[in-house]
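K.L.:
This is the structure I want to talk about, given as structure tokens.
The values are calculated or read from the model by the stated rules, or taken from the named source; none is laboratory data. Quantities reported herein were computed from a predicted structural model and do not represent experimental measurements. When we count neighbours, we look across all protein chains shown, and the Cβ atoms used for this are built from the backbone with ideal geometry, even at glycine. Ligands, DNA and RNA are stripped out before the accessible areas are found, and what is left, the full protein with its side chains, is counted by its heavy atoms. Shrake-Rupley method; radii C 1.70, N 1.55, O 1.52, S 1.80 Å.
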Amino acid sequence: AQSVTQPDIHITVSEGASLELRCNYSYGATPYLFWYVQSPGQGLQLLLKYFSGDTLVQGIKGFEAEFKRSQSSFNLRKPSVHWSDAAEYFCAVGASGLTGGGNKLTFGTGTQLKVEL
Amino acid sequence: SAVISQKPSRDICQRGTSLTIQCQVDSQVTMMFWYRQQPGQSLTLIATANQGSEATYESGFVIDKFPISRPNLTFSTLTVSNMSPEDSSIYLCSVVRQLQETQYFGPGTRLLVL
């Protein structure tokens, strides 16, 4: 069974500082990996995804993530955080294969990001 | 992407009653899912809504409690039956347009059961 671990429940950074949110996954094959963001009272918005190919993926709002198979990680980064980035961030893994891709996502417990002005 | 709407956006219900949540997509999609997000928790998949057949439920979720319909390729409903305060959650539907594509989420339905 697939699983996702986000070891940091809360992170606080100053505006303009760099950010890295950690995500480790467990999956028997090559995973499909996602980062979603949830602002207060909102649904989930896709930040970026990794299906195959280049292990460094670029997303919206200046975010990027790097897939490291050897470490089973898919950490999210942003070089300079803005106050509007304060939200909850979820890493997710999806089953690969013919019926996989975006199918049956397993989510991590989320990381709440606070941005200090 | 996909434009997904959910109705109602929020509701307050009495225990023992049932609530049906609707999910509408702006175009045909291959797969539709229903998730639950309990307060302060992550998302948990309830079931896959199958068009024209019974939904596929995940472990811990049963049809009697969460009946699901999907009459066509753009619409699905989730009913939360015989509600208790433990059912207070955000319920989200999500869709996949084509196999091996990204899953997009609706805005969610915030349910409070008193």
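K.L.:
Just a yes or no: is a residue in the range B:75-96 without any contact (Cβ under 8 Å) to a residue 12 or more places away in the chain, within 14 Å of another protein chain (Cβ to nearest Cβ), closer than 20 Å to A:L46 by Cβ and surrounded by 17 or more Cβ atoms within 10 Å (Cβ to Cβ)?
P.N.:
Among the residues of the range B:75-96, not one is without any contact (Cβ under 8 Å) to a residue 12 or more places away in the chain, within 14 Å of another protein chain (Cβ to nearest Cβ), closer than 20 Å to A:L46 by Cβ and surrounded by 17 or more Cβ atoms within 10 Å (Cβ to Cβ), which makes the answer no.
K.L.:
Please verify whether B:I12 is more than 13 Å from chain A (Cβ to nearest Cβ), within 25 Å of A:E88 (Cβ to Cβ) and surrounded by fewer than 18 Cβ atoms within 10 Å (Cβ to Cβ), treating the condition exactly as stated.
P.N.:
For B:I12, the condition - more than 13 Å from chain A (Cβ to nearest Cβ), within 25 Å of A:E88 (Cβ to Cβ) and surrounded by fewer than 18 Cβ atoms within 10 Å (Cβ to Cβ) - is met.
K.L.:
Quickly run through the range A:69-92 and pick out the residues that are closer than 17 Å to A:N24 by Cβ, of a type outside the set (G, A, S) and under 13 Å from the mean Cα position of the chain (by Cα).
P.N.:
Listed by number, the residues that qualify are A:F74, A:N75, A:L76, A:R77, A:Y89, A:F90, A:C91.
K.L.:
Still on this structure, please answer the following. Looking at B:T56, B:T44, B:T20, B:T30, can you tell me which residue is open to solvent by 30 Å² or more (accessible area, probe 1.4 Å), in contact (Cβ under 8 Å) with a residue 12 or more places away in the chain, more than 26 Å from A:G41 (Cα to Cα) and among the polar types (S, T, N, Q)?
P.N.:
The conditions single out B:T30.
K.L.:
Could you please give the count of residues in the range A:26-64 that are away from chain B (no Cβ under 14 Å) and within 30 Å of B:R110 (Cβ to Cβ)?
P.N.:
So the count comes out to 3.
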